[in-house]
Amino acid sequence: MPNSLKNELANANLIIVKGDANSRWLLGDRHWNITTSIADIVCYLPAPIVALRTLKSEVAVGLKSEVVEEIAKSDHSWLTNGQWGVIQFVA
């Protein structure tokens, strides 16, 4: 992240990231382990964030393995069909 952008974001009380594509950008569009803490990945941001996202790709983090197993039983394409979403907060 360029220093000029990082310095500007450091003045924010909250960064809001909305949408699947922007959330994937936040995660570097990498296939992390789905249980990896989002806080460990976005630690480069200088302010708290809220990520609002409808899941439309297999790039996802911050989910509990029990939740993933339960949802996968009822909906095999839950990560990509746009029917599920997450709201994630990192202080």
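Okay, here's what the table says:
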| item | result |
| --- | --- |
| Beta bridges per DSSP with both ends in the chain, % antiparallel, nearest 5 | 60 percent |
| Dipole magnitude (debye, nearest 20) for the range 19-61, charges at Cβ of Lys, Arg, Asp, Glu | 80 debye |
| Sum of -39500 (n - 2.57) over DSSP H runs of 4+, divided by residues of the chain (222 nm, nearest 500) | -7500 deg cm²/dmol |
| For the range 3-90, projected area of the alpha-carbon convex hull averaged over all directions, nm² | 5.5 nm² |
| Dipole in debye (nearest 20) - the chain, about Cα centre, beta carbon charges: Lys, Arg +1; Asp, Glu -1 | 220 debye |
| Order of Trp32, Trp25 under a 10 Å beta carbon neighbour criterion, fewest first | Trp25, Trp32 |
| In degrees, nearest ten, helix 65-74 long axis to first principal axis of the chain (Cα) | 50 degrees |
| Derived scalar couplings ³J(HN,Hα) [the range 33-46; Karplus, 6.51 cos²θ - 1.76 cosθ + 1.60; whole Hz; x for Gly, Pro] | 4, 4, 8, 4, 5, 4, 4, 5, 8, 9, 5, 6, 7, x |
| Charge-dipole axis of the range 1-87 as Lys and Arg at +1 and Asp and Glu at -1 on Cβ define it, positive-most pick from Asn13, Ser74, Trp32 | Asn13 |
| Candidate aspartates and glutamates - alpha carbon under 18 Å from Lys73, same-chain residues fewer than 8 apart omitted | Glu58 |
| Per-pair calculated FRET efficiency, R0 = 35 Å: Ser74 and Cys43 via Cβ, rounded to 0.05 | 0.60 |
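Computed from the coordinates by the stated procedures, all read-outs in this text should not be read as laboratory data. The structure displayed is predicted, hence computed values, not measured ones. As a convention, Cβ positions derive from the backbone with ideal geometry for all residues, glycine included, and neighbour counts pool all protein chains shown.
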